[in-house]
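Working notes, beginning with the structure itself.
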Amino acid sequence: MDAVFDYSGLLVQGLGVTILVTVLGAILTIVVAFIAGLCSLSTHRWLRWPATFFVEFFRGTGLLVQMFWFFYALPFLGIELAPLVAGVLALGLNEGAYAAEVVRGTIRSRAKGQTEAAIALGMTPALRMRRILIPQSIPAMLPAFGNVMVDLLKNTSLVSLVTVSDLTWRAFTARTVTGQTVELFLTILVLYYLLSLLIGWLIRYLEKRFALDRKSLAKAKPLKALAGRFSS
Amino acid sequence: MSVWDTAFAISIMPILLKGLWLTIQITLVGFVISLVVGLVVAVIRYLKIPIISPLATFYVSFVRGAPLLVQAYVAFYVLPLLGVTFDALPTGIVVIGLNYSAYTAEVYRAGIEQLHKGQWEAATALSLPRWRTWVRIVIPQAVRPIIPVLGNYLIMMFKDSAILSSITIIELLGSALSIGSSYYRYLEPISIIGLMYLAISFPCSLLIKKLERRFVPQH
């Protein structure tokens, strides 16, 4: 355990970078998810088609490939990104593409009566979305967004492969110096696990806090919840 | 020299296709491991045996809660220290298979849980033996709706296998990176493999959407 104590300062710094990447990635994910998700619901094809293309493209090509593309291939096109920027950009666009499907699926599954009532009240489509559909959908999106966020946290470890000095990178370099592989890797394994439990608790708290209908929450079908992560 | 070198792109295709073939093999073998181990874990959890079942629950939660990259590092760098030495490839396949087994275990559980209680009651009323209830009633009904969900995990695994390039496996991404570092041209290899991943996973996800409409009961 010596190495873990000797390097605890550096590991804590790495933990800080991991949390920073997670938070920045989460913000970008949410922004991307809502823009792409709402555009893909649009009746306007010049909004809908690019959004659908974006989602399919970023879901289909794989996160690590995208990250390496931003980091290694983009400079050949004359654009150099800092490692942290390349990492966060890839994370946000990739997880955002998954979360866009959550946004789209949840808003589409709102009861039709809500939309009809809003139309009957003479609300414009934009107002209907902003005042009726989105506020009602957010609690319903929370469980799926929780999955995306845990996924995001775990995937932040990939930024170590594009030279960002996050938790994984610190453990890996400390390992090459000290050779204390077991202790260092097990330590960060547990740290990631604790962080993902933390995100899980946070999301469950938010779910309880903002539950629209507690009964339907309890009855939520397990398979639907799993399937909802990818499609719907 | 132009930005995109087509002649170079064509010349590297044989290496990339070899990497793609290895990626497909890793995915298929890893997926079989995840299906088998996931089933064992799901059954252990279902049986509610003291100590063993909570351990299975912890396994699912712990494996899902930590990054695949770190798990691959642990297997690749820690196991040799314990005197267990495998080549990178089998290690990588087992790691990704075990990683996904935590997800497939949850899928099986969801498949069994969404079965209506009346089905069990009816089987009991007909005094069907327990194993026949499972084989004739539970499993056939539980499996159909989980096929699309498992299919989605197969696609995710195909893309996640790129992470194994970090433990020296020359699969699709690994082959692109090794070309990149020897010719110092990254644009062509990484762009091409991105499109290869897309060319396989996109049609598969369309197929799975079709299966979903057929297999998953709609409300």
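When A:ARG204, A:ARG175, A:ARG131, A:ARG209 are checked against the criterion of being charged (D, E, K, R) and touching a helix residue (DSSP H, G or I) at 6+ places or on another chain (Cβ under 6 Å), A:ARG175 stands alone in meeting it. Whether any residue in the range A:27-41 is under 19 Å from B:VAL70 (Cβ atoms), at pLDDT 95 or above and part of a helix (DSSP H, G or I) is what I want to check. There is no residue in the range A:27-41 that is under 19 Å from B:VAL70 (Cβ atoms), at pLDDT 95 or above and part of a helix (DSSP H, G or I). Pairing residues of the range B:186-213 that are under 24 Å from A:ILE79 (Cα atoms) with residues that are of a type in the set (Ser, Thr, Tyr) and assigned to a helix (DSSP H, G or I), at Cβ distances under 7 Å and at least 6 apart in sequence or on separate chains, gives B:TYR186/A:TYR72; B:ILE190/A:TYR72. Pairs meeting the criteria (first residue in the range B:125-153 and farther than 10 Å from B:GLY111 by Cα and away from chain A (no Cβ under 14 Å), second residue surrounded by 17 or more Cβ atoms within 10 Å (Cβ to Cβ) and of a type outside the set (Phe, Trp, Tyr), beta carbons under 7 Å, at least 6 apart or on different chains) are B:THR133/B:ALA123; B:ILE137/B:ALA123.
Selection of helices (runs of 4 or more DSSP H) fully inside the range A:62-162 by the criterion of at least 2 residues being within 16 Å of the chain's Cα centre (by Cα) returns A:63-68, A:83-108, A:134-155.
The selection criterion, being open to solvent by 10 Å² or more (accessible area, probe 1.4 Å), more than 20 Å from B:ASN99 (Cα to Cα) and within 9 Å of another protein chain (Cβ to nearest Cβ), does not hold for B:LEU187. Of the candidates A:ALA86, A:ALA99, A:ALA3, the single residue that is surrounded by 22 or more Cβ atoms within 10 Å (Cβ to Cβ), in contact (Cβ under 8 Å) with a residue 60 or more places away in the chain and farther than 30 Å from B:TYR183 by Cα is A:ALA99. Just one residue in the set B:SER181, B:SER165 is surrounded by fewer than 21 Cβ atoms within 10 Å (Cβ to Cβ) and without any contact (Cβ under 8 Å) to a residue 60 or more places away in the chain; that residue is B:SER181. Whether any residue in the range B:136-148 is of a type in the set (Lys, Arg) and outside any helix (DSSP H, G or I) is what I want to check. No, because not a single residue in the range B:136-148 is of a type in the set (Lys, Arg) and outside any helix (DSSP H, G or I).
The single condition from (1) open to solvent by less than 50 Å² (accessible area, probe 1.4 Å); (2) within 14 Å of chain B (Cβ to nearest Cβ); (3) at pLDDT 95 or above that A:SER165 fails is (2).
Does the range A:26-47 contain at least one residue that is over 22 Å from A:MET129 (Cβ atoms), out of contact with any Asp or Glu (no Cβ under 6 Å at 6 or more places or on another chain) and open to solvent by less than 40 Å² (accessible area, probe 1.4 Å)?
Yes, some residue in the range A:26-47 is over 22 Å from A:MET129 (Cβ atoms), out of contact with any Asp or Glu (no Cβ under 6 Å at 6 or more places or on another chain) and open to solvent by less than 40 Å² (accessible area, probe 1.4 Å).
The values are calculated or read from the model by the stated rules, or taken from the named source; none is laboratory data. Note that the structure is predicted; figures quoted are calculated from it, not measured. Virtual Cβ from ideal backbone geometry, glycine too; neighbours counted across all protein chains shown. Surface areas here come from the heavy atoms of the whole protein model, side chains and all, with no ligands, DNA or RNA. Shrake-Rupley method; radii C 1.70, N 1.55, O 1.52, S 1.80 Å.
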